[in-house]
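K.L.:
Input: one structure, supplied below.
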């Protein structure tokens, strides 16, 4: 294809953009422990590209400008050509997909290179920015060989800088920080009660500020001032009043509201928000139908009981019609106890850390009645995708482990790649051997909306596909969703009977909560998948349930709130309808 024709489809890629991708590939390979000669080749090619003066990479390839450039070998030239032709690199996307998101976050910390990240990960098992900060705080980082206190302090400063520049935190990290600060507030003399509010209470996927409301038996200004003078506070606004905004040395932001005990309920309600919800509440108030809040209800329940007749759960308070429901009845929402099993789970057959037996033990400990093992398919080579022979061996092992777990069904699943043309990885004969198939996009994220939508819609037509995995490909605070017409995808999935995943990994939380209600309205079933790559990852399910609640989902809307027999029947129905 000529450069002009290619430019009509793909935006012009500059040599420096391609160099950045090559540098990132080198970083990702180093994180995987690849040999230094391989990573050095990518860095050498990146340096060579930075020296190229032409503006258009495709034109440089077409005119032979890059031919013979020292530092660009056959392998790296192939990736450069792929970048020029498609705007992306399958290798780069696969490496990014297969690297724990927390390690990618750690790469953004100033002064923290791949060698140190590998040493930290290997020595402490740390795989997130939040855990890295905790290790620096409690001395574990300094105790690592060739680290020491100065290195730990430098890393702490780097994390603080990153926090200041990025501002937002993932929900579980914000929740942990919020609980820690809440404990500090509760220890202050004169605090009768204190609770988290704001976006944490509303279970927002990302959080900027931590909000706490405190009921005080002494002047609120004194309580707020005491916290403002505490350890780690860098900046304080509003000191001398009952509400203060604090910024800590690590970049964490806290808004504290101190009120008299009899003002607590309304202050907690207002601080929970959102602004859109408060406006809707004011507009929809119906004083003609007061009710009484039940015993044991949250402190702010009486506000709703008196003025609209039913309680609005904090997750729903986003100004999306929650204050004007028919019959003054709150929607039924799914709870953690409704989940009966997990279907998106990886083992050490592909890129998981634990064996099938260990994953089964973890599922049983969480009270589930079934566990689906869904490792990567063959085209996901960098995730250890399973060959046909490995699938056979894995199924034999599942049968052996199943005999040890009479109270837990172990299902044979697969996370099959949706290839660039919309085909699902593996042939029909092999797909027939799985109990269910999760189809996911793991490459070519740069497709335009029409192409990506057509790609996914074609995959949905495959009768083997039971579930569409992490449907927009986003990584919160790291990678934007790829361009795709999700309403069209959800409508087609609903018609075909394909469940769409709400991926519960806190870096993803994909499907977004705003689309969960759309899916529900279109009759599209949702599967909440922990995307667990280790036993601990099974606990991601709680984050997924929180987002499902925020998206107005009831147990009947969620595939894995059903029994194993019903899950298998769902998959069989898809195949018999073909």
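K.L.:
For the pair residue 514 and residue 217, what calculated FRET efficiency results from E = 1/(1 + (r/R0)^6), where r is the Cβ-Cβ distance and R0 = 60 Å, to the nearest 0.05?
P.N.:
The computed FRET efficiency comes out at 0.90.
K.L.:
Beyond 12 Å, what share of the Cα-Cα pairs of the stretch 516-573 is found? Please give it as a whole percent.
P.N.:
68
K.L.:
Which percent, nearest 5, of DSSP beta bridges in the chain are antiparallel?
P.N.:
Bridges in the chain are about 35 percent antiparallel.
K.L.:
In the stretch 336-576, what % of DSSP beta bridges are antiparallel (nearest 5)?
P.N.:
Bridges in the stretch 336-576 that DSSP calls antiparallel: roughly 10 percent.
K.L.:
May I ask you to derive the relative contact order of the stretch 101-166, considering only C-alpha pairs under 8 Å and at least 6 residues apart, and to give it as an integer percent?
P.N.:
Computed value for the stretch 101-166: 34 percent relative contact order.
K.L.:
Tally the DSSP beta bridges in the stretch 359-430 and give the antiparallel ones as a percent, rounded to 5.
P.N.:
Antiparallel bridges: around 10 percent, rounded to the nearest 5.
K.L.:
If a/c stays under 1.5 just call it rounded; otherwise compare a/b with b/c (prolate if a/b is bigger, oblate if not). Do that for the stretch 167-269, with a ≥ b ≥ c from the square roots of the Cα gyration tensor eigenvalues.
P.N.:
oblate
K.L.:
Using label points projected 7 Å from each Cα along Cα→Cβ, tell me how many nm separate residue 369 and residue 108, to one decimal.
P.N.:
Each label point is offset 7 Å from its Cα along the Cβ direction, giving 4.2 nm.
K.L.:
Averaging the inverse of every distinct alpha carbon separation and then flipping it gives the Kirkwood radius. What is it for the stretch 101-166, in angstrom units?
P.N.:
When all Cα pairs of the stretch 101-166 are included, the Kirkwood radius is 11.4 Å.
K.L.:
If you don't mind, there's one more thing I want to ask. Once you have the Kirkwood Rh of the chain from its Cα pairs, apply Stokes-Einstein at 37 °C and 0.692 mPa s and quote D in µm²/s.
P.N.:
The calculation lands on 126 µm²/s.
K.L.:
Using r as the Cβ-Cβ distance of residue 400 and residue 262, and R0 as 51 Å, what FRET efficiency do you calculate, to the nearest 0.05?
P.N.:
Calculated transfer efficiency: 0.20.
K.L.:
Do you know the relative contact order of the stretch 240-343, to the nearest whole percent, from alpha carbon pairs under 8 angstrom that are 6+ apart?
P.N.:
After rounding, I find 21 percent.
K.L.:
Taking each pair of distinct Cα atoms in the stretch 273-329 once, what is the resulting Kirkwood hydrodynamic radius in Å?
P.N.:
Computed over the stretch 273-329, the radius equals 11.3 Å.
K.L.:
Measuring from centroid to centroid over Cα atoms, what is the spacing of the stretch 500-514 and the stretch 190-218 in Å?
P.N.:
For the stretch 500-514 versus the stretch 190-218, the Cα centre distance is 25 Å.
K.L.:
Size of the stretch 321-445 along its principal axes in angstrom, Cα-based, largest extent first?
P.N.:
Result, largest extent first: 57, 41, 26 Å.
K.L.:
Now for a different question. How would you rank 170-181, 57-68, highest first, on the average number of other Cβ atoms within 10 Å across their residues?
P.N.:
170-181, 57-68
K.L.:
Let me ask something additional. Using a basic spin-label model with each label point 7 Å from the Cα along Cα→Cβ, how many nm lie between residue 179 and residue 65?
P.N.:
5.5
K.L.:
How do 460, 522 rank when sorted from fewest to most other Cβ atoms within 10 Å of their own Cβ?
P.N.:
Ascending number of Cβ neighbours within 10 Å: 522, 460.
K.L.:
Which order do peptides 526-533, 157-164 fall in by mean Cβ count within 10 Å, highest first?
P.N.:
526-533, 157-164
K.L.:
I would also like to ask the following. Could you calculate the FRET efficiency of residue 157 with residue 577 from 1/(1 + (r/R0)^6), where r is the beta carbon distance between them and R0 is 56 Å, rounded to 0.05?
P.N.:
Efficiency at R0 = 56 Å is approximately 0.45.
K.L.:
For the stretch 22-72, count the residues as N, evaluate 2.2 N^0.38 Å, and divide the Cα radius of gyration by that value, please.
P.N.:
Normalised by 2.2 N^0.38 Å, the Cα Rg of the stretch 22-72 equals 1.27.
K.L.:
On the first, second and third principal axes, largest extent first, how far apart are the outermost C-alpha atoms of the stretch 73-185 in Å?
P.N.:
57, 33, 22
K.L.:
At 222 nm, what helix-only mean residue ellipticity would the chain give, in deg cm²/dmol to the nearest 500, using -39500 (n - 2.57) for each DSSP H run of four or more?
P.N.:
That comes out to -13500 deg cm²/dmol.
K.L.:
Separate question: Just to be sure I understand the model, the point goes 7 Å from the Cα along the line to the Cβ. What's the resulting residue 229 to residue 332 distance in nm?
P.N.:
The modelled label-to-label distance comes out at 5.5 nm.
K.L.:
Right, another one. Using Cα pairs under 8 angstrom and six or more residues apart, how large is the relative contact order of the chain, in percent?
P.N.:
10
K.L.:
Moving on to the next point. Shape call for the stretch 432-566 from the C-alpha gyration tensor, a ≥ b ≥ c root eigenvalues: rounded (a/c under 1.5), prolate (a/b greater than b/c) or oblate?
P.N.:
rounded
Quick note: the coordinates plus some simple rules give every number you see, no bench work behind them. Quick caveat: nothing in here was measured; it's all calculated off a predicted structure. Note that we place each Cβ from the backbone using ideal geometry, even for glycine, and neighbour counts take in every protein chain shown.
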